[in-house]
Amino acid sequence: VQVIVPITTEQDTYSTGSGTILAESGLILTNYHVMGEIEQETLYNGNGFAAIAVNPTNLKGRPILKYAAYLVAGNPTLDLALLRITGLLEDESLALPENLGLTVISIGDSQALQIGDEISAFGFPSIGGDTVTFTKGILSGFEDEEDDGYAEWLKVDLNINHGNSGGLATNSAGEYVGVPTQGRQDIGMIGLVRDGNLAMDW
């Protein structure tokens, strides 16, 4: 899904990103920096609100703004946020339908990945226009920030751009294995994907 967050301090300004559906009830995983400032640990709007746009079935058209969601948990350190759909965007007082029409992704094991494995990303990068964008590449390596033997990041040869943040990274079986988070120009446009197991354990 596409995640659109109003920034209350700037008129008609929005933070945009992507999100992955974890439950049919409307639980969405995204990046914290889509929802707010990491260093200040502050949200772009006081109540952690985000508008959620859902893809058409054929994936050919623009996503349709449909739901209102709110932050239920955030971790600026890991740059992760969990949202829950609570109502219809047009009128939050209306009851949600029993079937939200959301597709839940199967969960894979990110720690089973090896360098050279196929990895793909789905999201809404600004350079890709207004429709969902799929890119495919390989796992280029791992990054262990804490030097504790656990790689918190997957390095991929995917060009992760603004708008991809918080989206979906999948393995060759189409299973979730991580959260596309940032591009690293200092290491040759290698993209960084938050390790999926770490995100799920959080």
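A few comments on the model shown:
- Just one of the listed residues (G74, G101) is in contact with a Gly (Cβ under 9 Å, 6 or more places away or on another chain) and not hydrophobic (A, V, I, L, M, F, W, C), namely G74.
- When L83, L89, L29, L71 are screened for being within 22 Å of G196 (Cβ to Cβ), open to solvent by 30 Å² or more (accessible area, probe 1.4 Å) and either touching a Leu at 6+ places or on another chain (Cβ under 7 Å) or modelled with pLDDT under 95 (or both), only L71 passes.
- Unmet criterion (only one of (1) free of Cβ contacts under 8 Å to residues at least 40 places away in the same chain; (2) open to solvent by 40 Å² or more (accessible area, probe 1.4 Å); (3) in contact with an Asp or Glu (Cβ under 8 Å, 6 or more places away or on another chain)) for R62: (1)
- Scanning the range 126-151 for residues that are out of contact with any strand residue (DSSP E or B) (no Cβ under 7 Å at 6 or more places or on another chain) and under 25 Å from R62 (Cβ atoms) yields S126, I127, G128, G129, D130, T131.
- Criterion: open to solvent by less than 30 Å² (accessible area, probe 1.4 Å) and not in a strand (DSSP E or B) - qualifying residue of L96, L102: L102
- Across the range 106-121, a minimum of one residue is classified as over 16 Å from the mean Cα position of the chain (by Cα), closer than 17 Å to D201 by Cβ, among the polar types (S, T, N, Q) and open to solvent by 80 Å² or more (accessible area, probe 1.4 Å).
- Residue in the range 55-64 that is modelled with pLDDT under 95 and of a type in the set (S, T, Y) present: yes
- When the criteria are applied in full, L83 fails the requirement of being part of a loop (DSSP other than H, G, I, E, B) and not basic (K, R).
- Given (1) in a loop (DSSP other than H, G, I, E, B); (2) within 21 Å of T16 (Cβ to Cβ); (3) open to solvent by 70 Å² or more (accessible area, probe 1.4 Å), number of the condition T131 does not satisfy: (3)
- Those residues of the range 149-175 which are surrounded by fewer than 22 Cβ atoms within 10 Å (Cβ to Cβ) and of a type in the set (S, T, N, Q), in sequence order: N159, N161, N171, S172
- Checked against (1) surrounded by 14 or more Cβ atoms within 10 Å (Cβ to Cβ); (2) touching a Lys or Arg at 6+ places or on another chain (Cβ under 9 Å); (3) within 28 Å of Y44 (Cβ to Cβ), S140 passes all but condition (3).
- Out of I21, I4, I28, I64, sole residue that is among the hydrophobic types (A, V, I, L, M, F, W, C) and touching a Phe, Trp or Tyr at 6+ places or on another chain (Cβ under 6 Å): I4
The values are calculated or read from the model by the stated rules, or taken from the named source; none is laboratory data. None of the values given here were measured: they were computed from a predicted structure. A quick note on method: Cβ atoms are made from the backbone with ideal geometry, for glycine too, and the neighbour counts reach across all protein chains shown. What goes into the accessible areas is simple: the full protein's heavy atoms, side chains included, and nothing from ligands, DNA or RNA. Shrake-Rupley method; radii C 1.70, N 1.55, O 1.52, S 1.80 Å.
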